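Notes follow once the structure below has been shown.
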Amino acid sequence: GYKSAVCLGYRSAIYEGGLIDHSREFCIERNGKLFTFDEIKKFGTPEDEFDGYSDKSTGMFDGKPKFDYDPFYDQGGYNCRHAYSFIPDRLAIRLRPELKEVWNV
């Protein structure tokens, strides 16, 4: 999905999958929210503006793979039920109007 989204020129996605009784804090913080690709790239790093970390200074959260974490493919880590719904920029701006200025459109 991510590669197709890039080919289509999309720049954002909704973190979807719902919550269950043992959802991780990382996923609870992100569930149902829209993120730009630049924001997603920061997942699992100290630069991420969102919470849900067991150690924010290292970007560590419960379930995060020890090696080669890629937020576009691993989402919330081991056994995460979440996925991205990649959406066109026009819809993203409708959901988050500030993106019009962020993307200079």
Residue match in segment 89-97 (condition: of a type outside the set (Ser, Thr, Tyr), surrounded by fewer than 16 Cβ atoms within 10 Å (Cβ to Cβ) and under 14 Å from the mean Cα position of the chain (by Cα)): no
How many of the residues in segment 1-16 are outside any loop (DSSP other than H, G, I, E, B), farther than 15 Å from residue 83 by Cβ and not aliphatic (A, V, I, L, M)? 1
Subset of segment 1-37 that is surrounded by fewer than 15 Cβ atoms within 10 Å (Cβ to Cβ) and among the basic types (Lys, Arg) - its residue that is modelled with the lowest pLDDT: 3
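So that you can scan it fast, the table gives a plain yes or no per residue for (1) closer than 25 Å to residue 103 by Cβ; (2) in contact (Cβ under 8 Å) with a residue 60 or more places away in the chain; (3) hydrophobic (A, V, I, L, M, F, W, C):
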site	(1), (2), (3)
3	yes, no, no
6	yes, no, yes
9	yes, yes, no
12	yes, yes, no
49	yes, no, no
Check off (1) at pLDDT 95 or above; (2) open to solvent by 30 Å² or more (accessible area, probe 1.4 Å) for residue 104 and give me the number that stays unchecked. (1)
Of the residues in segment 40-71 that are under 17 Å from residue 27 (Cβ atoms) and small (Gly, Ala, Ser), the one that is farthest from the chain's Cα centre (by Cα) is 54
Could you count how many residues in segment 69-86 are part of a loop (DSSP other than H, G, I, E, B) and in contact (Cβ under 8 Å) with a residue 60 or more places away in the chain? 4
Going by the conditions given, is residue 54 in contact with an Asp or Glu (Cβ under 7 Å, 6 or more places away or on another chain) and open to solvent by less than 50 Å² (accessible area, probe 1.4 Å)? no
Could you look through segment 56-78, keep only residues that are out of contact with any Pro (no Cβ under 9 Å at 6 or more places or on another chain) and charged (D, E, K, R), and pick out the one that is farthest from residue 6 (Cα to Cα)? 62
Sort through 76, 44, 63 and tell me the only one that's surrounded by 14 or more Cβ atoms within 10 Å (Cβ to Cβ) and at negative phi. 76
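The values are calculated or read from the model by the stated rules, or taken from the named source; none is laboratory data. All of these numbers come straight from a predicted model, not from anything done at the bench. Note that each Cβ is placed from the backbone with ideal geometry, even for glycine, and that neighbours are counted across all protein chains shown. What goes into the accessible areas is simple: the full protein's heavy atoms, side chains included, and nothing from ligands, DNA or RNA. Shrake-Rupley method; radii C 1.70, N 1.55, O 1.52, S 1.80 Å.
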